[in-house]
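So the structure is just underneath, and the comments pick up after that.
The values are calculated or read from the model by the stated rules, or taken from the named source; none is laboratory data. As the structure is a prediction and not an experimental result, all values here were calculated from the model. Cβ placement follows ideal geometry from the backbone for every residue including glycine, while neighbour counts extend to all protein chains displayed.
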Amino acid sequence: MTFRGFLGLLFLVLAVYCGLDPFKHSAISEFPDYVSLKVEMPDWSLVPTDKDDQNLLQKSEIKFLNEIQGPESIAFDPLGRGPYTGVADGRILFWNGLKWTDFAYTSNNRSELCDLKPSPFAYLKHEHICGRPLGLRFDKKTGDLYIADAYLGLMKVGPEGGLATSLTTEAEGVPLRFTNDLDIDDEGNVYFTDSSIVYQRRNFMQLVFSGDDSGRVLKYDPTTKQTTVLVRNLQFPNGVSLSKDKSFFLFVEGSVGRLRKYWLKGEKAGTSEVFAILPGYPDNVRTNEKGEFWVAIHCRRSLYAYYLGLFPKLRTFMLKLPISAKIHFLIQIGGRPHAVVAKYSPEGKLLQILEDSQGKVVKAVSEVEEKDGKLWMGSVLMPFIAVYDLP
């Protein structure tokens, strides 16, 4: 057999193996209905190339190491106390200046299934039982804390904490399956995201791999108690943040890697447009006191990941290889977690990039909250909060 013939035979065997996946070792073996869709990304030439050559995030202080697991969102109450954060075991914790104390929880099931575990990933199996609070926002007028729980929907708890009450679990007859982030306007309307109606949070890697476009941006009206869909057919919508003047809000398109602006006031009200193209996979976005927007970016998108996004058949072929989802994820992000945060002006101009390209200190970041000259950075994947002093 010639070398060319050998390669042809090897490719045929590999193709048959991937088509059948006989030993169920692939990243998508547990998803018989898995479909890869094209990710509608901007042209590679439009992706920002700005970098932080000094790796300034490596100067961050790691706080509360192994005291909290997976602190996705960081919030301070109307009196400036905190931080508050939702963690992997379903609780919302409050830092009182001396220690973490229980503040609230989203599920009334606090059985041994929700007991402390060694890592954020160890909770995935029981998240739907214990709850998984993600986005957190305080209503500055009432002191109520609004919560996006990945499994239990949009919720609220009073200033004294305790068991949160449900506000909505569906929109237009379709259940919320992956409630992710939120923000609140001055009238108490809540704008929030449902990242997918197909995949739950515990399958977030498969959601990223698939390019699923069933995500939605929604509005909850506290007066009518109605939930409406503002934008649909999105690929992993995530963070939400209102502008300082409340004329629009931004939301993240996670798989696409960009920010979208949704107009609430003016002649464009009810429409959306591209606000900024991002250098990687974004999570939450938060507005600072100046009206600028901080975007948490888990990591930069590699050229390999870019082409896999454009060619879904190739992506499915790769995902059917006997390689775990975790390994696929690491390959797509260049081999190691590396956090990036970016600041944008209200007009969409990139103002600043901070990163840890080697993942030495800040390996991943889900949210950036600016307070008193510091950036508080949470991560759904890490057991700590990182704090960076702004110059």
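Against the test of being modelled with pLDDT of 95 or more, over 18 Å from the mean Cα position of the chain (by Cα) and within 22 Å of F236 (Cβ to Cβ), the options G373, G348, G334, G378 yield a single qualifying residue, G348.
Can you name every residue in the range 311-327 that is surrounded by 14 or more Cβ atoms within 10 Å (Cβ to Cβ), outside any loop (DSSP other than H, G, I, E, B) and in contact (Cβ under 8 Å) with a residue 12 or more places away in the chain? Listed by number, the residues that qualify are P312, R315, T316, F317, L319, A325. Under the condition of being outside any strand (DSSP E or B) and among the charged types (D, E, K, R), which residue from the range 339-391 is surrounded by the fewest Cβ atoms within 10 Å (Cβ to Cβ)? Here the answer is E347. Looking across the range 112-139, just one residue is at pLDDT 95 or above, in a loop (DSSP other than H, G, I, E, B) and basic (K, R), and that is R132. Does the range 63-82 include one or more residues that are out of contact with any Phe, Trp or Tyr (no Cβ under 7 Å at 6 or more places or on another chain) and not in a loop (DSSP other than H, G, I, E, B)? No, because not a single residue in the range 63-82 is out of contact with any Phe, Trp or Tyr (no Cβ under 7 Å at 6 or more places or on another chain) and not in a loop (DSSP other than H, G, I, E, B). When each of S166, S196 is tested for being surrounded by 23 or more Cβ atoms within 10 Å (Cβ to Cβ) and either in contact with a helix residue (DSSP H, G or I) (Cβ under 6 Å, 6 or more places away or on another chain) or within 20 Å of T85 (Cα to Cα) (or both), the lone residue that passes is S196. Applying the criterion of at least 2 residues that are small (G, A, S) and either touching a residue at least 12 places away in the same chain (Cβ under 8 Å) or more than 25 Å from L354 (Cα to Cα) (or both) to the strands (runs of 3 or more DSSP E) found wholly in the range 191-289 leaves 237-242, 272-277.
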